[in-house]
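Here is the structure we will look at.
The values are calculated or read from the model by the stated rules, or taken from the named source; none is laboratory data. Being a predicted model, the structure only gives us computed values, none of them experimental. All Cβ positions, even for glycine, are placed from backbone atoms using ideal geometry, and neighbour counts span all protein chains on display. Surface areas here come from the heavy atoms of the whole protein model, side chains and all, with no ligands, DNA or RNA. Shrake-Rupley method; radii C 1.70, N 1.55, O 1.52, S 1.80 Å.
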Amino acid sequence: KMKRDSVSTKPNRGNILSCDGQLMASSIPEYKIFMDFQPGDPNDSVWSNKRDSLWTENLDSLCKGLHEIFPERSAAEFREHLEKGRHKQMRNGTFGARHWPVWPRRIDYNTFAEIRKLPFFSMPVNKGGFHWETYNARRRPFGTLAQRTVGEVKVASDSGYCGIELSYDSILRGINGISHHQKIRNRYMNITVAPPIDGADIVTTIDVGMQDLAERALVEELKKDNASMGVAILMEVETGDVKAIVNMTQGSDGRYREVENHAISYRCEPGSVFKTASFLVALDDGVVDTSYVINTGNGVMQMHGSNMKDHNWHKGGYGSINVARTLEVSSNIGVSYVIDKYYHDHPEKYVEGLYRMGIGTDLGL
């Protein structure tokens, strides 16, 4: 009872930052507050009597102060609750709970500081009996912005649940320290053996301003068609940095929220984005250049027994356009014609080209 060895000391979790250093996720302390109605030396009857008289003298003002901080519960209810803990009979026959919750939920630092000013609770821990447990709570200063990408943390275990919080959990979490809890000269002290190592910060490529604009734009478009889901990814072409990534899913109430990271996890045909990859292979192999002209006709072309159509076929198509224009207007006919013409007899060269430029590389997501 006088000593506890190898007590684990938790480090501070690292922050997640935007590309310009703005906080997107950070840890702040939260507290659960308790009362020990059996503090001090049980053989010291003088102090026990003094403490009881102090408790009785300050109880009304203490409960009034608690009511002002937590208006959900009246001063009378606080008094009844605290007196219940004070008169609770323990298994060893003594009266008074040792770890009686003053308030059932976690509180922030500002609230904790106000409570520490209240009568009796302002006394030293080993004299008054008021004590607390500290937790690291995760907060996102920008609210739901990039919520699913930044991710969430499991409250109980302080470990990543999804997103960047999960992917880089081992880096963000840090390394636990070790301390001894020992009674020295009537005071309990924590003696550090190995200090905790705080988690490292993660700097993302996300730009807060661009992310905000992308989210607003996507939700606006989804509302027009009452769409169930939508994704937007904004990439800086020169570097490949993802500046914004938005995933919106329509809830039962009609509002759009980030529930799943569809941009990464949703499995579907790549669609028009694969036209860029196809042309990269053709350009790399030198079979065409950007000025190479393709006759897309009236927007409908027979290809291996089926009609290949451009999106504007009902308006007469694009006619003759070069490779650059084909990519600009996302012509199905233009891209398919080039790949079929130059790789029909040797499709393995086309596939090899795709792998050569890294499109088959595991993203590590």
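Among the residues of the stretch 289-307, the ones that are closer than 29 Å to Glu348 by Cβ and buried (at least 19 other Cβ atoms within 10 Å of the Cβ) come to 3 in all.
Scanning the stretch 231-271 for residues that are within 18 Å of Gly163 (Cα to Cα), open to solvent by less than 60 Å² (accessible area, probe 1.4 Å), of a type outside the set (A, V, I, L, M) and out of contact with any His (no Cβ under 8 Å at 6 or more places or on another chain) returns Asp241, Lys243, Glu258, Asn261, His262. For the stretch 308-335, the tally of residues that are surrounded by 18 or more Cβ atoms within 10 Å (Cβ to Cβ), of a type in the set (Ser, Thr, Tyr) and closer than 24 Å to Gly286 by Cβ stands at 2.
Please determine whether any residue of the stretch 36-47 is at pLDDT 85 or above and open to solvent by less than 60 Å² (accessible area, probe 1.4 Å). Yes.
Inspection of the stretch 183-199 finds a residue satisfying the criterion of being under 25 Å from Glu30 (Cα atoms), open to solvent by less than 60 Å² (accessible area, probe 1.4 Å) and in contact (Cβ under 8 Å) with a residue 40 or more places away in the chain.
Looking only at residues that are part of a helix (DSSP H, G or I) and open to solvent by 50 Å² or more (accessible area, probe 1.4 Å) in the stretch 213-226, which one is nearest to Gln22 (Cα to Cα)?
Of all residues in the stretch 213-226, those part of a helix (DSSP H, G or I) come to 213-225.
Pick out the ones that are also open to solvent by 50 Å² or more (accessible area, probe 1.4 Å) and you get 213, 216-217, 220-221, 223-225.
On the way: Leu213: 16, Arg216: 20, Ala217: 22, Glu220: 26, Glu221: 28, Lys223: 30, Lys224: 32, Asp225: 34 Å.
Restricting to residues being part of a helix (DSSP H, G or I) and open to solvent by 50 Å² or more (accessible area, probe 1.4 Å), the top hit is Leu213.
Within the stretch 121-170, the residues that satisfy the criterion of being without any contact (Cβ under 8 Å) to a residue 40 or more places away in the chain and either buried (at least 21 other Cβ atoms within 10 Å of the Cβ) or in contact with a Ser or Thr (Cβ under 7 Å, 6 or more places away or on another chain) (or both) are Gly160, Asp169.
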